[in-house]
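Undergrad: What follows is a single structure, and I will ask about it in a moment.
The values are calculated or read from the model by the stated rules, or taken from the named source; none is laboratory data. Since this is a predicted model, take the numbers as computed values, not measurements. A quick note on method: Cβ atoms are made from the backbone with ideal geometry, for glycine too, and the neighbour counts reach across all protein chains shown.
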């Protein structure tokens with residue numbers, strides 16, 4: 001190869017190296033306009049990302065609150081089911097209790113038979129009380145339409161106005177819920 005060719009090749013190599021160096025410098029040092037635009041884009045992206053994060057966080061918190069409310073409601077419903085599952089049969093047994101009380105009010109010639117009936121009635125009332133049944137106290141109390149059903153009124157000097165003078169049929173609560181109001185006579 002001639003010397004001229006070698007010199008040309010070396011010159012070309014130097015030019016290429018210089019061009020590459022210039023390109024590298026341009027890439028490393030962005031122009032001021034591009035730098036400002038890049039910063040603005042990054043700031044906008046960060047703001048959008050933080051807004052999205054905030055929206056997702058809010059959505060997450062609402063879902064958690066909804067789920068906790070659902071769990072609380074489901075537990076309450078489950079408790080109510082257990083507490084009032086036997087309500088229907090207990091209401092039916094109230095009639096049996098009324099009849100037992102009426103039978104016990106009558107004198108019996110056979111004292112042992114009457115005593116046996118009292119024991120059976122006591123056993124029945126104990127079982128129902130364990131199930132959550134509670135008698136509504138009415139005699140001499142203020143009339144309360146939430147617990148009493150007034151079927152008669154009378155003028156009785158022994159009681160103040162609005163007081164229950166006589167219980168015609170006992171009322172009952174099952175786990176603090178009225179399942180049968182007391183039928184009462186109220187003083188005028």
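Undergrad: Any chance you could count how many residues in segment 144-169 are part of a loop (DSSP other than H, G, I, E, B), at pLDDT below 95 and in contact with a strand residue (DSSP E or B) (Cβ under 8 Å, 6 or more places away or on another chain)?
TA: Selection size over segment 144-169: 7.
Undergrad: May I ask you to list pairs of residues, at least six apart or on different chains, whose Cβ atoms are under 7 Å apart, with the first in segment 87-115 being without any contact (Cβ under 8 Å) to a residue 12 or more places away in the chain and the second being surrounded by 10 or more Cβ atoms within 10 Å (Cβ to Cβ) and assigned to a helix (DSSP H, G or I)?
TA: Short answer, once both residue conditions are applied: 108/114.
Undergrad: List the pairs whose first member sits in segment 61-80 and is over 16 Å from residue 175 (Cβ atoms), whose second member is assigned to a helix (DSSP H, G or I), and whose Cβ atoms are under 9 Å apart, counting only residues at least 6 apart or on separate chains?
TA: The qualifying pairs do not exist here.
Undergrad: Residue 141 - would you say it is out of contact with any helix residue (DSSP H, G or I) (no Cβ under 9 Å at 6 or more places or on another chain) and either under 20 Å from residue 100 (Cα atoms) or surrounded by fewer than 14 Cβ atoms within 10 Å (Cβ to Cβ) (or both)?
TA: Answer is no for this residue.
Undergrad: Among the residues of segment 105-127, which ones are under 27 Å from residue 186 (Cβ atoms) and modelled with pLDDT of 90 or more?
TA: Residue satisfying the conditions is 125 alone.
Undergrad: Let me ask another. Is at least one residue of segment 22-30 outside any helix (DSSP H, G or I), over 53 Å from the mean Cα position of the chain (by Cα) and either more than 30 Å from residue 120 (Cα to Cα) or modelled with pLDDT under 70 (or both)?
TA: Looking through segment 22-30, at least one residue is outside any helix (DSSP H, G or I), over 53 Å from the mean Cα position of the chain (by Cα) and either more than 30 Å from residue 120 (Cα to Cα) or modelled with pLDDT under 70 (or both).
Undergrad: Out of 76, 130, 59, I need the residue that is out of contact with any helix residue (DSSP H, G or I) (no Cβ under 8 Å at 6 or more places or on another chain), modelled with pLDDT of 90 or more, within 30 Å of residue 182 (Cβ to Cβ) and surrounded by 10 or more Cβ atoms within 10 Å (Cβ to Cβ). Which one? Give the steps one after another, and end with the answer.
TA: Numbers: 130 fails: surrounded by 10 or more Cβ atoms within 10 Å (Cβ to Cβ); 59 fails: within 30 Å of residue 182 (Cβ to Cβ).
76 is the lone residue from the list that is out of contact with any helix residue (DSSP H, G or I) (no Cβ under 8 Å at 6 or more places or on another chain), modelled with pLDDT of 90 or more, within 30 Å of residue 182 (Cβ to Cβ) and surrounded by 10 or more Cβ atoms within 10 Å (Cβ to Cβ).
Undergrad: Yes or no: residue 168 without any contact (Cβ under 8 Å) to a residue 24 or more places away in the chain and surrounded by 12 or more Cβ atoms within 10 Å (Cβ to Cβ)?
TA: yes
Undergrad: Residue 104 versus (1) surrounded by 12 or more Cβ atoms within 10 Å (Cβ to Cβ); (2) in a helix (DSSP H, G or I); (3) under 45 Å from the mean Cα position of the chain (by Cα): which is the lone unmet condition?
TA: (3)
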